[in-house]
């Protein structure tokens with residue numbers, strides 16, 4: 001691949017998915033339409049979509065030494081995503097797992113996530129990365145009892161220190177995703193990266209009622225020169241740059257809504273790739289919406305490799 005080299009840092013887990021005719025009632029019994037395993041986790045999904053779209057993609061995270069780890073590594077390999085900097089914990093640790101119910105009538109996904117004891121990446125792990133080899137490094141903002149969000153702050157500060165020591169043309173662009181609502185420890189990430197992706201749920205939890213309100217509100221809390229980006233489901237996406245310019249994009253829904261699982265990760269990946277290739281912020285979020293829309297019309301993400309995007 002000849003595209004930009006991009007690393008995503010965060011979670012990889014096993015998704016155990018049941019596709020149902022409709023969302024099940026409590027204490028009911030029904031036969032599912034489909035059942036399968038796939039690799040999940042925001043950073044994992046984002047790295048896979050980046051590879052499908054042509055980036056030199058790498059995932060960095062933690063693995064437990066179990067059967068699920070082998071499934072995850074094989075899946076990363078099938079997408080052409082490098083895992084060379086991942087940290088493997090040998091004994092006594094369990095791969096995080098999500099049980100997911102997909103409603104075939106509207107494509108909704110309900111996620112039940114279990115993450116028991118696997119530590120996440122720390123600054124000491126991250127220092128093994130040779131930053132000169134990367135165009136962009138994206139962080140999934142993860143609240144974790146094993147590894148606090150402050151470790152992500154330290155990793156971003158480490159990149160800042162490197163960037164101050166090299167010419168601008170050699171600097172590593174950084175982005176961070178803040179998705180989970182009611183997690184105040186994630187607020188400290190808002191001013192630590194060049195691009196900040198905030199979710200609809202996170203924004204609504206802070207009293208912001210639209211994508212426009214979200215980017216206007218959060219840009220005040222970002223670092224100087226940063227941009228903030230917010231995808232808002234069927235209402236498209238908005239962004240605001242360092243000069244305060246508001247940019248919006250509509251959504252591009254598929255003919256038939258099939259599967260919304262990983263749509264947000266797909267939007268992030270496509271937007272990051274567009275920015276890393278030198279497109280402006282307006283082009284980038286529009287491309288992100290187009291790719292996310294196409295993803296919602298297919299099961300999983302592999303079909304994105306065969307879609308032509310203008």
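Quick rundown of the values:
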item: Number of the condition not met by residue 56 [criteria: (1) surrounded by 19 or more Cβ atoms within 10 Å (Cβ to Cβ); (2) in contact with a helix residue (DSSP H, G or I) (Cβ under 7 Å, 6 or more places away or on another chain)]; result: (2)
item: Residues of the stretch 253-270 satisfying the condition of being surrounded by 24 or more Cβ atoms within 10 Å (Cβ to Cβ), in a helix (DSSP H, G or I) and touching a residue at least 60 places away in the same chain (Cβ under 8 Å); result: 265, 266, 268, 269, 270
item: Some residue of the stretch 102-124 being more than 20 Å from the chain's Cα centre (by Cα), farther than 30 Å from residue 56 by Cα and not in a loop (DSSP other than H, G, I, E, B); result: yes
item: Residue list for the stretch 63-101, restricted to those being free of Cβ contacts under 8 Å to residues at least 12 places away in the same chain and either part of a strand (DSSP E or B) or surrounded by 14 or more Cβ atoms within 10 Å (Cβ to Cβ) (or both); result: 73
item: Residue list for the stretch 197-252, restricted to those being exposed (fewer than 14 other Cβ atoms within 10 Å of the Cβ) and in contact with a strand residue (DSSP E or B) (Cβ under 8 Å, 6 or more places away or on another chain); result: 246
item: Of residues in the stretch 29-50 being surrounded by fewer than 24 Cβ atoms within 10 Å (Cβ to Cβ) and farther than 19 Å from residue 69 by Cβ, the one modelled with the lowest pLDDT; result: 30
item: Condition met for residue 120 (more than 19 Å from residue 267 (Cα to Cα), touching a strand residue (DSSP E or B) at 6+ places or on another chain (Cβ under 9 Å), modelled with pLDDT under 95 and surrounded by 14 or more Cβ atoms within 10 Å (Cβ to Cβ)); result: yes
item: Hits in the stretch 291-310 - residues which are outside any loop (DSSP other than H, G, I, E, B) and surrounded by fewer than 19 Cβ atoms within 10 Å (Cβ to Cβ); result: 302, 303, 305, 306
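The values are calculated or read from the model by the stated rules, or taken from the named source; none is laboratory data. Nothing here was measured: the structure is a model prediction, and the numbers come from that model. Backbone-built Cβ (ideal geometry, glycine too); neighbour counts: all protein chains shown.
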